[in-house]
Amino acid sequence: MTITIVGHGYVGLVSACCFADFGNDVWVIGHTDEKLERLKNGDPIIYEPGLEELLKKNIKAGRLHFTKVYDKAVAKSDIIFITVGTPPKQNGEADLSTVFMVVQNIAPLLKKGFTVVSCKSTVPVGTNKKIQETLLKQKRKDAEFAVASCPEFLREGSAINDTFFADRVVIGSSSQKAIDILLKLHDPIPGKKVVTDLSSAELIKYTANSMLAVKISFANLISFYCEKTGADVEMVLDAVGLDKRIGRIFMDPGVGYGGSCFPKDVKALINTGESLHIDAKLLEATENVNYQTRVYFLDKVFKNTKGKTIGLWGLSFKPNTDDIRFAPSLDIIEALLKKGFTLQVYDQEGMENIKKKYGDKLVYTSNPYEAASNTDAVLIVTEWNEFKQIDLEKVKKIMKTPLIFDGRNIYEPALMKKLGFTYYSTGRQPIII
Ligand SMILES: NC(=O)c1ccc[n+]([C@@H]2O[C@H](COP(=O)([O-])OP(=O)(O)OC[C@H]3O[C@@H](n4cnc5c(N)ncnc54)[C@H](O)[C@@H]3O)[C@@H](O)[C@H]2O)c1
């Protein structure tokens, strides 16, 4: 098949490389010459494990093309995927301006034969119907098309594996022809294919992300109770998670969720609720607890740190990505800078993005030891693997004060006690030396 993918971010580029790898001819439309040149030369721009290799392989095989020109790609495509961003507006509503700009670019170029136009961007329920109406108004008379919602569920950091081995593929459309074409495209993917209507497909995506956010906030809420009562949150959640109706996965207490999806999708679902007169207090509380996690974490830091130099381990919103959008680290950095702390920061992949945002306000280091060197405290904000078995004795020697605030519960309190650290984690009693 010939496929056009508009947008080459975490969703667009990963999907493009994976579909090309299955043998399809894939055209990727971008809007910046400089980025398109880098992509043509095999530079994925973003960091995603395995992406550079897959990109280079499929460029070499002649199955991946990058262009700014819609005509080149759209007219020959069987499927067009829209994968541009849908960031939150001030009021939480999803900003759909780029999606509709793309739809208007596509409309007059649709071919005489049949084309599926499918939105992979996360869009509120009802958006695909509006896309359909716009295309109908602006297409050539003889062009035939159908709209399908194909929401994306990949996770940054494991996006390629998530695409090749998706748990499920959701296809929402009222056109059987479009459904058949999309089923054929996704045939090599072993996961269950869920065929449904447009509105259900749109809502499945928001439901999944909001449910995961609720789970994280619920675990954090319980961690607040644990800290006040002497209970151990990991013990509590391990035991509760043994109940098959509940499960342990995604109940990780810490400094809360971030990234380009959960915060904006929870906000957008609240916003859709408002327009439908649905009281979405559960989701508002989810956001509120997420905010509180950072307040509590910072409270502990402010109350218990004597000096003003801090080492910050982890900047990306989660491990294995360079994405810092709505990362917990941003709230933490802002609060610490406001109080006049000097921050020695380190992250495996997120440094360049943080540098673009903070310039010379932070001290950038090239490894966790350098970040910890001569500090009054170390804060763990992202649970990168390299922190989990770091040489803590060495860390203790190079710090001014052996004090760690662990926002991801990556160490055992008993071990920290043995090593002589004062150690604050989440939902567990502090170790005070
Ligand atoms: N990142 C994820 O983990 C993830 C997972 C599932 C769904 N989604 C959803 O997918 C969508 C895209 O997310 P993302 O993380 O890939 O975003 P992103 O910001 O990484 O990528 C967006 C892409 O759109 C391009 N773009 C912007 N304006 C354009 C234009 N006028 N013409 C052509 N391209 C243009 C940008 O250059 C960029 O390549 C969002 O709706 C998001 O909610 C994201």
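Values in this text are rule-based calculations from the coordinates and carry no lab data. The structure presented is a predicted model; accordingly, all values stated were derived computationally and were not measured. Every residue, glycine among them, receives a Cβ derived from its backbone with ideal geometry; neighbour counts consider all protein chains shown.
Below is a table of values for the structure above.
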| quantity | calculated |
| --- | --- |
| Cβ crowding within 10 Å averaged over residues, with 275-287, 319-331, 294-306, 205-217 ranked highest first | 319-331, 205-217, 294-306, 275-287 |
| Cα centroid separation - the range 1-59 against the range 316-357, whole Å | 27 Å |
| Candidates R408, R155, R245: whichever shows maximal mean-square fluctuation once the chain is modelled as a Gaussian network with Cα springs under 10 Å | R245 |
| Cut-off under 5 Å, modelled amide H: who pairs with F66 long-range | V28 |
| DSSP H segments from the chain that extend 30 Å or more along their own axis, Cα-based, with Kyte-Doolittle mean of -1.0 or above | 198-229, 281-304 |
| Alpha-carbon radius of gyration plus Dmax, which is the widest Cα pair, for the range 293-352 in Å | 11.7, 33 |
| Listed residue pairs exceeding 19 Å between alpha carbons, taken from K130/K264; K35/K356; K40/K68; K120/K357 | K130/K264; K120/K357 |
| Zero-based 5 Å bins, Cα pair distances in the range 1-108, whole percents | 2, 13, 24, 24, 18, 11, 6, 2, 0, 0 |
| Kirkwood hydrodynamic radius over Cα pairs of the range 140-202, then Stokes diffusion coefficient at 25 °C and 0.890 mPa s, in µm²/s | 196 µm²/s |
| Rounded if a/c under 1.5, otherwise prolate or oblate - the range 2-196, Cα gyration tensor axes | rounded |
| Relative packing of peptides 263-269, 30-36 - highest average C-beta neighbours within 10 Å first | 263-269, 30-36 |
| Order by protection proxy (mean Cβ within 10 Å, highest first), peptides 368-380, 346-358 | 368-380, 346-358 |
| 5 angstrom amide H check on T196, placed H, neighbours 5+ away | I171, G172, S173 |
| Mean shadow area of the chain, taken as a quarter of the surface of its Cα convex hull (nm²) | 21.8 nm² |
| Reciprocal mean inverse distance between Cα atoms of the range 71-131 - Kirkwood radius, Å | 12.4 Å |
| Using θ = phi - 60° and Karplus 6.51 cos²θ - 1.76 cosθ + 1.60, couplings along the range 62-71 (whole Hz; Gly, Pro as x) | x, 9, 10, 10, 10, 8, 9, 8, 5, 3 |
| Cα-based equivalent ellipsoid of the range 360-414: semi-axis lengths in Å, sorted from largest, via gyration tensor | 17, 14, 11 |
